[in-house]
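**Q** Pasting in a structure now, in structure tokens, and then I'll have a few things to ask.
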Amino acid sequence: MEIHQVNAKQGLQWILSGFYLFRKAPLAWVFVCFTLMLIAITMSLVPLLGKFIFTLISPVFLAGIMIGCKDMEQQGKPLDISHLFMAFKTNPVPLITIGGIYLIGQILIIGLVILVGGTQMTDMLLYGKRVDESELMGVMSNMLTASLLTLALSIPLMMASWFSPLLVIFHNIPPIVAMQRSFFACLRNFIPFQLYGITLILLTILSIMPYGVGLVILIPTIFTSIYVSYKDIFLGEPLRFKNNESGQDYQQANWTDTTEESQKNEAETKQQQSPTSDNKIIASDSGELVPCAHCNLLVPRDEAIEDNKHFFCNEEHRKLYQSMDKSSS
């Protein structure tokens, strides 16, 4: 499977196309995302163990949502709650393996952060313990170092996990190989992902401002944008809908009302109105068309007026043609 390198502007296009996919079934998307958040909150109530379990099975939920995106696009099926659990019925073990690798990576990162930050930083963050002014500068320096270390290690881990559930569920690729390909796909398209990430950060800030209401739209759009970016990078295909008669590519940000069907009809109309150089009978889907000897307009043969092996669209053109023929002779 080839990993395509896309233009930087595609990072923004993934969000636009993802929003269009969300707009196809907004209520269904809100319900599915609300259910997933409810599951996460419920499992987090279990001390420590609940968060670990949810991290393990989160790639299975993500794979199910991606199946829902594919069904909406290629089969025209509506998104429903069953898509959220659909991957549990197919191949959950490789997906849980991805979740396990991601969980181990997070634990190792947290351990390194605690080791670098020291016990004082840990006590201050976890238990709210106060620090003396003489020790505050040292603690802040350790906190800055720990934050940079977290960022430097979390980004590669996220890159390896970004596309891996989709590669497993759609292409049956082993988990380790899927994470490797996901990492190199994100690395090869680092600039589009930078634009994508910056845009999402700005949209998150705007969504949180009105009491977090905007997250109702943003969270489903993030899920759909993952599917769009997967198609763009791994398949080299734009977002298409098989049940859409126009067949328009919505990944090209073409939000006009012009469709291929209307363009085809316009081309056929121009062809019928264009003059022809000879008097050959032309066949079409609706029957035989013959050119008027006077104006060259194509008309059905059974409706044309025939005179001396010439065809005319009306009686007036027949008379005009005869008068011109006589004058020329």
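**Q** Which one of Tyr227, Tyr211 is within 21 Å of Met86 (Cβ to Cβ), out of contact with any His (no Cβ under 9 Å at 6 or more places or on another chain) and assigned by TED's automatic domain parsing to the domain that holds Lys24?
**A** Details: Tyr211 fails: within 21 Å of Met86 (Cβ to Cβ).
The unique qualifying residue is Tyr227.
**Q** Considering region 170-198 alone, what residues qualify as being aliphatic (A, V, I, L, M), part of a helix (DSSP H, G or I) and out of contact with any Ser or Thr (no Cβ under 7 Å at 6 or more places or on another chain)? Don't jump to the end; show me each part of the working.
**A** Initial filter on region 170-198 (aliphatic (A, V, I, L, M)): 173, 176-179, 185, 187, 191, 195, 198.
Narrowing further to those that are part of a helix (DSSP H, G or I): 176-179, 185, 187, 191, 195, 198.
Hits for region 170-198 are Ile176, Val177, Ala185, Leu187, Ile191, Leu195, Ile198.
**Q** Among (1) at pLDDT 80 or above; (2) surrounded by 13 or more Cβ atoms within 10 Å (Cβ to Cβ), there is one condition Asn172 misses while meeting the rest; what is its number?
**A** Just one mismatch for Asn172, condition (2).
**Q** Check Val131 against each of (1) surrounded by 15 or more Cβ atoms within 10 Å (Cβ to Cβ); (2) at pLDDT 90 or above and name the one condition it does not meet.
**A** With (1) surrounded by 15 or more Cβ atoms within 10 Å (Cβ to Cβ); (2) at pLDDT 90 or above applied to Val131, the lone miss is (2).
**Q** Can you pull out the helices (runs of 4 or more DSSP H) entirely within region 1-100 that have at least 1 residues that are in contact with a His (Cβ under 9 Å, 6 or more places away or on another chain) and not charged (D, E, K, R)?
**A** On the way: elements: 10-24, 26-44, 49-70.
Output list reads 26-44, 49-70.
**Q** Using the structure shown, decide if Leu45 is more than 23 Å from Pro174 (Cβ to Cβ) and buried (at least 20 other Cβ atoms within 10 Å of the Cβ).
**A** Values: more than 23 Å from Pro174 (Cβ to Cβ): yes; buried (at least 20 other Cβ atoms within 10 Å of the Cβ): no.
Against the criterion (more than 23 Å from Pro174 (Cβ to Cβ) and buried (at least 20 other Cβ atoms within 10 Å of the Cβ)), Leu45 does not qualify.
**Q** Any residue in region 58-81 that is hydroxyl-bearing (Ser, Thr, Tyr) and either surrounded by 17 or more Cβ atoms within 10 Å (Cβ to Cβ) or touching a residue at least 60 places away in the same chain (Cβ under 8 Å) (or both)?
**A** Filtering region 58-81 down to residues hydroxyl-bearing (Ser, Thr, Tyr) leaves 58.
Adding the requirement that they be either surrounded by 17 or more Cβ atoms within 10 Å (Cβ to Cβ) or touching a residue at least 60 places away in the same chain (Cβ under 8 Å) (or both) leaves 58.
Yes, that holds for at least one residue.
**Q** Do the conditions hold for Thr55, that is, is it surrounded by 14 or more Cβ atoms within 10 Å (Cβ to Cβ) and modelled with pLDDT under 90? Show your work before the answer.
**A** Working: surrounded by 14 or more Cβ atoms within 10 Å (Cβ to Cβ): yes; modelled with pLDDT under 90: no.
So Thr55 does not fit the description; no.
**Q** Give Met72, Met66 a once-over and let me know the one that is hydrophobic (A, V, I, L, M, F, W, C), in the same structural domain as Leu202 (by TED's automatic domain parsing) and touching a Lys or Arg at 6+ places or on another chain (Cβ under 7 Å).
**A** Details: Met66 fails: touching a Lys or Arg at 6+ places or on another chain (Cβ under 7 Å).
Only one candidate passes the filter, namely Met72.
**Q** Which of (1) touching a residue at least 12 places away in the same chain (Cβ under 8 Å); (2) out of contact with any helix residue (DSSP H, G or I) (no Cβ under 6 Å at 6 or more places or on another chain) is the odd one out, the single condition Leu202 does not satisfy?
**A** With (1) touching a residue at least 12 places away in the same chain (Cβ under 8 Å); (2) out of contact with any helix residue (DSSP H, G or I) (no Cβ under 6 Å at 6 or more places or on another chain) applied to Leu202, the lone miss is (1).
The rows are residues; the columns are (1) at pLDDT below 90; (2) closer than 30 Å to Phe34 by Cα.
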{"site": "Leu48", "(1), (2)": "yes, yes"}
{"site": "Ala63", "(1), (2)": "no, yes"}
{"site": "Ile67", "(1), (2)": "no, yes"}
{"site": "Pro94", "(1), (2)": "no, yes"}
{"site": "Gly105", "(1), (2)": "no, yes"}
{"site": "Asp123", "(1), (2)": "yes, no"}
{"site": "Tyr127", "(1), (2)": "yes, no"}
{"site": "Pro156", "(1), (2)": "no, yes"}
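**Q** Could you list, in sequence order, all residues of region 225-248 that are modelled with pLDDT of 50 or more and not in a helix (DSSP H, G or I)? Spell out how you get there, then give the answer.
**A** Kept after step one, since they are modelled with pLDDT of 50 or more, are these residues of region 225-248: 225-242.
Answer for region 225-248, where residues must be modelled with pLDDT of 50 or more and not in a helix (DSSP H, G or I): Gly236, Glu237, Pro238, Leu239, Arg240, Phe241, Lys242.
**Q** Give the residues of region 201-213 that are at pLDDT 90 or above and under 17 Å from Trp29 (Cβ atoms), sorted by residue number.
**A** Hits for region 201-213 are Leu203, Ser207.
The values are calculated or read from the model by the stated rules, or taken from the named source; none is laboratory data. Values in this document were obtained by computation on a predicted structure and should not be read as measured data. Cβ atoms come from the backbone with ideal geometry, glycine included; neighbour counts cover every protein chain shown.
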